[in-house]
Amino acid sequence: MTSLSDLPIRDDLRGREPYGAPQLHVRVELNVNENTHPVPDAVQADIMSRLQSAVSGVNRYPDREFTELRDALAGYLGHGLTRDNIWAANGSNEILQQLMQAFGGFGRTALGFAPTYSMYPLLAAGTGTGWVAGDRDDDFELTSERAVDWVRRVRPDLVLLCSPNNPTGTPLDLEVIEAVYDASDGIVVVDEAYAEFFPEGESSALTLLPGRERLVVSRTMSKAFAFAGVRLGYLAADPAIADALRLVRLPYHLSALTQAAALGALAHADEMLAMVEDIKRQRDRIATGLAELGFLVHRTSSNFVLFGEVENPRGVFEELLAEGIIIREMGIPNHLRVSAGTEAETTEFLDAMARYIERHGSPKRAASPSPVG
Ligand SMILES: *Cc1c(COP(=O)(O)O)cnc(C)c1O
């Protein structure tokens, strides 16, 4: 048996850790921001029949240009976009990887603002792109001033703006995106994986696309669409961006089955997104409930909540897991992240947290020792 370190692997990959969110199957899974609501039965039936006809043609390669899917995605996004503005891949992770392949690579740099999506540095590493982690304010907000300052110092070939930011949930003002775009001459990627959870009145960076040919808005069907298992991510941008990605993608990268399933879901977008309002309600219940228990709850525009003043994150994680509930440790000191579940799952989580507090005391008391008299 050999080990990884014995192999003639690239030096820049030596010692790196792969993406590793624990994939434990327990009763209440609130750890990777999935939509915990299943695809409605009627939509499942339509997807099945589309898959059946796709299967009858799988002796042939799929439509390499996934034209029908690009039409459907453009129709879904609106904003005057057409199929030429759209590109898709196996999850938005592959979208981001292709962007790094085309616009990053050896000797080039990508900039993000930590704490942010843990895949960015891994995708940078895999494509030989340098990764610079900028920072955020103490409450994880990102101001134009701070972002532009980083852009001027780093001169990145790519900037990754996660909006709202995972794992913190923090929304991002469009002014920050505009300021970063103006300050940079690289590709500016706005990762809107959670766009469908935006609060009323918050605008998508799609509104900024006209006239900004280096701006890319990345989306996914993994979260709001309850389609994480299918692997379908996409972007909207100037048509030249898609042309750049055609140079690095694998031929026929979107299987006929993936295309058929995604078309089925998009044909029922309203039904697929019907649970979004309920998920937002559960997210707000989590935020209120955790605040009442004394935790520090961060502002969120997504389907998850980051909370702080957790004295012993590992202890909370393990005691919840013992009750069949999994949430996420993100490596942010004294913080944990939890995804909104169904109403019943959310209640289970909040009840388990209340029991934890009964056993161990309130976080405020635990976090700040009473003054010595
Ligand atoms: C979940 C998530 C994605 C989505 O990844 P897929 O590959 O589309 O499943 C992308 N960006 C962020 C910030 C995410 O949290």
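Only loop residues by DSSP count here, and only those with at most 15 other Cβ atoms within 10 Å; note down the trypsin sites (Lys or Arg not before Pro) in the stretch 55-95 that meet that. Before the final figure, lay out the partial values.
Values: sites: Arg60, Arg64, Arg70, Arg83; in loops: Arg60, Arg64.
Answer by residue number: Arg60, Arg64.
Lys/Arg Cβ at +1, Asp/Glu Cβ at -1, dipole of the chain taken about the Cα centre: which of Ala45, Thr116, Pro156 is farthest positive-ward?
Value computed over the given set: Pro156.
Quick check: from the Cα gyration tensor, does the stretch 138-296 come out rounded (a/c under 1.5), prolate or oblate?
Oblate.
What fraction of the DSSP beta bridges in the chain is antiparallel, stated in percent and rounded to the nearest 5?
Numbers: 16 of 34 bridges.
So the antiparallel bridges amount to about 45 percent of the total.
With every atom except the alpha carbons ignored, what do you get for Rg and Dmax of the stretch 3-64, in angstroms?
20.3, 52
Run the dipole for the stretch 41-267 about the Cα centre, Lys and Arg Cβ at +1, Asp and Glu Cβ at -1, nothing else charged, and hand back the magnitude in debye, nearest 20.
Working: 18 positive and 29 negative charges, 213 e Å.
About 1020 debye.
For a protection proxy built on the mean count of beta-carbon atoms within 10 angstrom, sort 270-277, 253-260 highest first, please.
Numbers: 270-277: 15.8, 253-260: 19.8.
The packing order, highest mean first, is 253-260, 270-277.
For the stretch 246-318 and the stretch 84-159, what is the separation of their C-alpha centers, rounded to whole Å?
21
Once the Cα atoms of helix 313-322 and of the chain are each reduced to a long axis, what angle between those two axes, in degrees from 0 to 90 to the nearest 10, is obtained?
Helix 313-322 sits at roughly 80 degrees to that axis.
Mind listing the Cα extents of the stretch 81-136 along all three principal axes, in Å, largest one first?
Computed over the stretch 81-136, the largest-to-smallest principal extents equal 35, 26, 18 Å.
Convex hull over the Cα atoms of the stretch 34-82, averaged projected area in nm²?
That works out to 5.1 nm², a quarter of the Cα hull's surface.
Treating the angle as unsigned and between 0 and 90°, give the value, to the nearest 10°, between the Cα long axis of helix 276-292 and the longest Cα principal axis of the chain.
Roughly 30 degrees, rounded to the nearest 10.
Rank Gly104, Ser301, Gly264 by how far each Cα sits towards the positive end of the charge dipole of the chain (+1 on Lys, Arg Cβ; -1 on Asp, Glu Cβ) and give me just the farthest.
Gly104
Which of the GluC sites (Glu not before Pro) across the stretch 61-128 are loop residues per DSSP, with 16 or fewer other Cβ within 10 Å? Before the final figure, lay out each step's value.
Working: sites: Glu65, Glu68, Glu94; in loops: Glu65.
Passing both the DSSP loop test and the Cβ count: Glu65.
Choose one of Ala125, Ser204, Gly80: the residue whose Cα lies farthest towards the positive end of the charge dipole of the stretch 41-267 (beta-carbon charges +1 Lys, Arg; -1 Asp, Glu; about the Cα centre).
Ala125
Taking just the alpha carbons, could you work out the radius of gyration and Dmax for the chain, both in angstroms?
For the chain, the Cα-based Rg and Dmax read 21.4, 79 Å.
Quick check: convex hull of the Cα atoms in the stretch 268-341, volume per residue, rounded to a whole Å³? Don't skip to the answer; put the middle values down first.
Values: hull volume 7.3 nm³, N = 74.
That works out to 99 Å³ per residue.
If I take R0 = 30 Å and measure r between the Cβ atoms of Val55 and Ala354 in this structure, what FRET efficiency does the formula 1/(1 + (r/R0)^6) give, to the nearest 0.05?
Details: r = 49 Å, r/R0 = 1.63.
The calculated FRET efficiency here is 0.05.
Each value in this text was obtained by applying a stated rule to the coordinates, not by laboratory testing. As the structure is a computational prediction, the values presented were derived from the model and not from experiment. Neighbour counts run over all protein chains shown; Cβ positions are idealised from the backbone, glycine included.
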